[in-house]
1. Label residue A:115 and residue B:80 with points 7 Å out from Cα along Cα→Cβ: what is the distance between them in nm?
2. Using a Förster distance of 25 angstrom, determine the FRET efficiency expected from the C-beta separation of residue B:88 and residue B:42, and round it to 0.05.
3. Give the relative contact order (percent, whole number) for chain A; include only Cα pairs under 8 Å separated by 6+ residues.
4. Just to confirm a number: summing +1 for Lys and Arg and -1 for Asp and Glu over residues other than residue A:195 whose beta-carbon lies under 11 angstrom from that of residue A:195, what do you get?
5. Need one value for B:94-104: mean number of C-beta atoms belonging to other chains within 10 Å of its residues' C-beta atoms.
6. Using the alpha-carbon centroid of each, what span in Å lies between the range A:163-201 and the range B:118-159?
7. Using θ = phi - 60° and the Karplus relation 6.51 cos²θ - 1.76 cosθ + 1.60, list the HN-Hα couplings for the range A:193-205 in order, rounded to whole Hz, with x at every Gly or Pro.
8. Given 10 Å bins starting at zero, what is the percent of C-alpha pairs of the range B:80-215 in each, up to the one with the largest pair distance?
Amino acid sequence: MDKRVADLAAALEGISDGAVVMIGGFGAVGQPDALVDALAELGPRELTIIANNAGWSAETGIPRLMDLGLVRKIICSFPKGSTVFKDLFTAGKIELELVPQGTLAERIRCGGAGIPAFYTATAAGTRLAEGKEVRTFRGRECVMEEALTADVALVEAWQADRWGNLVFRGSGRNFNPIMAMAAELTIVQAHQFANELDPNVIVTPGIFVNRVVQVDSRVEKLLAAQKAS
Amino acid sequence: MSETIEKALGDDRVAMTRRLAGDIADGWYVNLGVGMPTKVADMIDDGREVMFHSENGILGMGPTPAEDEIDPWLVNAGKKAVSLTPGAALFHHADSFAMIRGGHIDLCVLGGYEVAENGDLANWTTPSGDILPAVGGAMDLAVGAKRVWVLMQHTTRDGAAKLVRRCTYPLTAPAAVDRVYTELGTFAVTEEGFRVLTLADGVSLADVQARTDAPIHG
């Protein structure tokens, strides 16, 4: 078993128009930036993106996909920061599904765990619960939230081995392990290949991973760009 | 606490933030919202061990590192560089919000546009709806933490009350707030409404009532 692929093009092979794509990361950290930029080059259209943020710079990442007109809809918790998204959204050219951050994470986790929906008190009694089924549990009003799954997850990891086992670094874990579980095709951008990872410290077992490509992280550069914008 | 924070916050803001920090118990797990609440972390006196939680997967978040000690993989909810304290742990987003939603976080400190006397909180968007709405973790934190304390100015810049009978802003969560800390004092949300816990130096109950839409109980 060897899930390593030679380059970004091989990693992204087969992604088609209309795909639902989960993209890991919280700001620049844990973002599979090289995979996203390669996806922009590949150019599938009518994408639905599931991510926490809508990015910040037009040159790279999710805003680049949007700027190229590849994105039909984004499901996220915090779309502020990207003028590309803001302009498209105010012009009515992109759809937004705004989800509280914890609900977003749990919808993804449930998607990977085979749980079709769950109830949470988060957002009950607010504008974001409009149109959703509401039930009371233990005296508390709860909103039904449906699981999220995707055709593709783009994930960033610190290290990967040939079996697709992953470890992360710092706060780079964020959405990556749960997105890896929730997609039909999980593609990982790893900073380093390891011959063998210690089974005691593996965070994402390789069963959730389909392809791994080695890419030197640009997180320092991305953070600098984020700071400047 | 650094001089830069003193200057940045102004005396009133420093005093109210310090008052809140003084009420945090030893051993609590605490989440601080972005903005003024993040300053609470710099005001925990020595001798108390408080574990700060960051929604993006950190328990045991420490202060801003020196420029040459920045780890680019470690950022807080505001995407700013942070450090780790002894005993820190890292985890993914679903676990992070399980801590929040599951009632494991002892205290969450949030900013606010309005707090109503029944504890309703409005802090995520304006009545007209922002041009670009964004919610982040505000709703999860407001319903999930064991205690929700709001740290905010007592009135808007125009002098409008922010402690109100009913929120006019869209709700973040109903009946969520336990306490409000402002430059005028500390106020508990009770079944009767707002009750004074502390008044700031030189502030009278009448001063507070004059700047508050809801009744304030002494």
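1. Reported label-point gap for residue A:115 and residue B:80 is 3.4 nm.
2. Values: r = 17 Å, r/R0 = 0.70.
In this case the efficiency is close to 0.90.
3. On the way: 536 pairs, mean separation 52.8, N = 229.
Relative CO of chain A lands at 23 percent.
4. Numbers: positive: A:162; negative: A:161, A:196.
Charge balance in the 11 Å sphere: -1.
5. On the way: counts 15, 5, 7, 10, 4, 1, 4, 8, 0, 0, 0.
Going residue by residue through B:94-104 and averaging, the value is 5.
6. For the range A:163-201 versus the range B:118-159, the Cα centre distance is 35 Å.
7. The phi angles translate into 8, 10, 4, 8, 9, 5, x, 6, 10, 5, 9, 10, x Hz.
8. 12, 39, 30, 16, 3
Computed from the coordinates by the stated procedures, all read-outs in this text should not be read as laboratory data. Since the structure is predicted, the reported quantities are computational estimates derived from the model, not experimental observations. Positions of Cβ are backbone-derived with ideal geometry, glycine not excepted, and every protein chain shown enters the neighbour counts.
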